[in-house]
1. Out of (1) within 24 Å of Gln98 (Cβ to Cβ); (2) crowded, with 19+ Cβ neighbours inside 10 Å, what's the single condition that is false for Glu159?
2. Output the residues belonging to the range 5-43 that are surrounded by 13 or more Cβ atoms within 10 Å (Cβ to Cβ), outside any helix (DSSP H, G or I) and acidic (Asp, Glu).
3. In the range 95-110, what count of residues is obtained for those that are surrounded by fewer than 15 Cβ atoms within 10 Å (Cβ to Cβ) and touching a residue at least 24 places away in the same chain (Cβ under 8 Å)?
4. Hey, any hits in the range 158-172 for a residue that's outside any helix (DSSP H, G or I), hydroxyl-bearing (Ser, Thr, Tyr) and over 30 Å from Ser9 (Cβ atoms)?
5. Which numbered condition in (1) basic (Lys, Arg); (2) assigned to a loop (DSSP other than H, G, I, E, B); (3) over 16 Å from the mean Cα position of the chain (by Cα) is the only one that Arg107 fails?
6. Can you name the residue in the range 111-126 that is assigned to a helix (DSSP H, G or I) and among the small types (Gly, Ala, Ser) and, of all such residues, is least open to solvent (accessible area, probe 1.4 Å)?
7. One residue is enough: does the range 127-149 have a residue meeting the conditions among the β-branched types (Val, Ile, Thr), surrounded by 13 or more Cβ atoms within 10 Å (Cβ to Cβ), more than 25 Å from the chain's Cα centre (by Cα) and more than 30 Å from Ala13 (Cβ to Cβ)?
8. Working only within the range 173-184, note down all residues that are of a type in the set (A, V, I, L, M), open to solvent by 40 Å² or more (accessible area, probe 1.4 Å) and in a loop (DSSP other than H, G, I, E, B).
Amino acid sequence: MVNDEVVISRECAVELVESFLAIELPTWQWRGPAPTPDVYHVQERVVGWLVFWRSAEQARARDVRGSFVGGHCLVDRHDGSIHYVPAVWWEDEGWEEQYLLQTKGIRRPDPLASAVRALVRSAGVVAAMSHLRKHAPRLSLQEAKAYVTTVRDGGEPPEALASLTRKGPTWPPLPIETLAGPVQ
């Protein structure tokens, strides 16, 4: 336990996914019998465990041609909930930030806020505004002023302003789907 929170182990994450798939796969429409899932890879991430699976039939076959049955699930490190994260397939590193925001309401601190805070203290508000506008040109003058004022007063900039300091995604992220959990 960490701070009275459950921490899900690798083994527990695999068991949770196997149990979920054993119940869920038979409910999907198949041409024949539902496949037996086989976990073939587990990857530890900051937010939890990525558990990759395929059909046991594919695992035994030497010829990988034909239809692929499989996928991945994210098991949350702290509550054991199971999620499908589409962006994992494209190795989009922003998916963990999206996961935290979408499922937990936690956003990563704006990396510009600490630099702006330090500049306000060392060189003043004008230098902080200049730095902010240089690194976040999407902010209007009024938005930059509100951002600097909030940071100067010890707060974190609201998401509406912080989002304008980040590089926007090339395309909108696909939603993360909660499949099961959290574990009781």
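The values are calculated or read from the model by the stated rules, or taken from the named source; none is laboratory data. Fair warning: this is a prediction, and the values are worked out from it, not measured in the lab. Virtual Cβ from ideal backbone geometry, glycine too; neighbours counted across all protein chains shown. All accessible areas refer to the heavy atoms of the entire protein, side chains included, with ligands and DNA or RNA removed. Shrake-Rupley method; radii C 1.70, N 1.55, O 1.52, S 1.80 Å.
1. For Glu159, the exception is condition (2).
2. Asp38 - this is the single residue of the range 5-43 that is surrounded by 13 or more Cβ atoms within 10 Å (Cβ to Cβ), outside any helix (DSSP H, G or I) and acidic (Asp, Glu).
3. 2
4. Taking the range 158-172 and keeping what is outside any helix (DSSP H, G or I), we get 158, 166-172.
Add one more test, that the residue is hydroxyl-bearing (Ser, Thr, Tyr), and what stays is 170.
Applying the additional criterion that residues be over 30 Å from Ser9 (Cβ atoms) yields 170.
Yes, the range 158-172 has at least one match.
5. Only one criterion in (1) basic (Lys, Arg); (2) assigned to a loop (DSSP other than H, G, I, E, B); (3) over 16 Å from the mean Cα position of the chain (by Cα) is unmet by Arg107, namely (3).
6. Of the residues in the range 111-126, the ones assigned to a helix (DSSP H, G or I) are 111-122, 125-126.
From what is left, the residues that are among the small types (Gly, Ala, Ser) are 113-115, 118, 122.
On the way: Ala113: 2, Ser114: 74, Ala115: 36, Ala118: 52, Ser122: 96 Å².
The qualifying residue least open to solvent (accessible area, probe 1.4 Å) is Ala113.
7. Of all residues in the range 127-149, those among the β-branched types (Val, Ile, Thr) come to 148-149.
Pick out the ones that are also surrounded by 13 or more Cβ atoms within 10 Å (Cβ to Cβ) and you get 148-149.
Going one step further and asking which of them are more than 25 Å from the chain's Cα centre (by Cα), we end up with 148-149.
Still in the list and also more than 30 Å from Ala13 (Cβ to Cβ): 148-149.
The answer is yes, given that some residue of the range 127-149 is among the β-branched types (Val, Ile, Thr), surrounded by 13 or more Cβ atoms within 10 Å (Cβ to Cβ), more than 25 Å from the chain's Cα centre (by Cα) and more than 30 Å from Ala13 (Cβ to Cβ).
8. Within the range 173-184, the subset of a type in the set (A, V, I, L, M) is 174, 176, 179-180, 183.
Applying the additional criterion that residues be open to solvent by 40 Å² or more (accessible area, probe 1.4 Å) yields 174, 179, 183.
Those that are of a type in the set (A, V, I, L, M), open to solvent by 40 Å² or more (accessible area, probe 1.4 Å) and in a loop (DSSP other than H, G, I, E, B): Leu174, Val183.
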